[in-house]
Amino acid sequence: MRLSSESAPYNRLRMAHTARKRYPLVETVIGVQFESLPKLTGAHLGAFWKLLGAEWPNVDEAPALDPQFEKFGDDREWQPMGTAQVSLRSDVMPRLQIRNVARDRMIQVQNGRLLYNWLAAPGSTYPEYSETRPAFEQALAKFQSFLAQEQLGQIEPNQWELTYVNHIPQGTVWHSPQDWDAVFARPVTMPLGSETESLRPEVWGSQSRYEISPRLGRLHVLVVNGRSVPTEPTDILIIRLTARGPVTPEQPLLTGIERGHSTIVRAFNKMTSPAAREYWEKTL
């Protein structure tokens, strides 16, 4: 698989956030799903980790993720609301989660999937898309080179994916559940409303999905309240946007990733309120 032939101009739609210390983004994921390689074993994944060198000293094992395919037309799948978008596989082979020294970057690799994560760390500001996408490409190129060196086969991508996770703490753009609607450009919260007599909202969630037309991919949107525990428990609103779609001759891997990024940026800006975005765009 060649990356250089997919020269999408990804800089033009990146988030302009260099000074946005209040921005709620806590994790980004860029990934590729590919056809399983029969010769690839767990031992090979360990050897790939060692190949990455001293910059990536931390590794954990996690269960492998199930393949995810966005289907359209009569083949599309209806997922029950509230269920997870990924499930765990029964394969013996693990998924390696390889973290860098600062533990703010992670490469996840399994037979059939490679993901590159940025993870928020105390005092850090998140990198621009123009930094994370080349970092994903570099990780993928290293993995491809390793596969070629070990004669394990060639990656055949079948899906691209991006995920952006945002945590919006209480005490920022909202102070009580009655303020949740103010975070969004239009009411998206409790069907009973926030002023219903004798009812005080405690747990709420909203899940939706949208086709990236014409059948180029799909955007999954999850909004839910929860609790974050960095140093002390903090109530938060979570907004998770995942864009995923097929890799085809008409939509190569990096073209799909670029489309997913622009879709997520536009969706986040459209679903959040001007007041919330103004708060996030101010420095501390």
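Laboratory data are not the source of any read-out in this text; all were calculated from the coordinates shown. Since the structure is predicted, the reported quantities are computational estimates derived from the model, not experimental observations. Quick reminder, even Gly has a Cβ in these numbers, built from the backbone with ideal geometry, and neighbours come from all protein chains shown.
Miscellaneous remarks
- Take every pair of alpha-carbon atoms less than 8 Å apart whose residues are at least six positions apart; their mean separation over the length of region 17-281 yields a relative contact order of 23 percent.
- Where the alpha-carbon atoms of region 216-280 are placed on the principal axes, they occupy 48, 26, 17 Å, in descending order.
- Arranged from fewest to most other beta-carbon atoms within 10 Å of their beta carbon, Asp60, Asp104 become Asp60, Asp104.
- Spatially proximal lysines relative to Lys71 (Cα-Cα < 29 Å; intrachain offsets below 8 disregarded): Lys39, Lys270
- Integer Hz, Karplus 6.51/-1.76/1.60 couplings in order for region 93-101, x for Gly and Pro: 5, x, 9, 8, 10, 9, 10, 7, 4
- Sequentially through region 127-143, phi angles give Karplus couplings (6.51, -1.76, 1.60; θ = phi - 60°) of x, 6, 4, 5, 9, 6, 5, x, 5, 4, 4, 5, 4, 5, 5, 5, 5 Hz, Gly and Pro residues having no value and appearing as x.
- A straight chain from Phe72 to Gln207 at 0.36 nm per residue would run longer than the Cα-Cα distance by 46.7 nm.
- A Förster distance of 30 Å, applied to the separation of the beta-carbon atoms of Glu55 and Tyr23, puts the FRET efficiency at 0.70.
- Region 17-281: C-alpha pair distances exceeding 33 Å, %: 25
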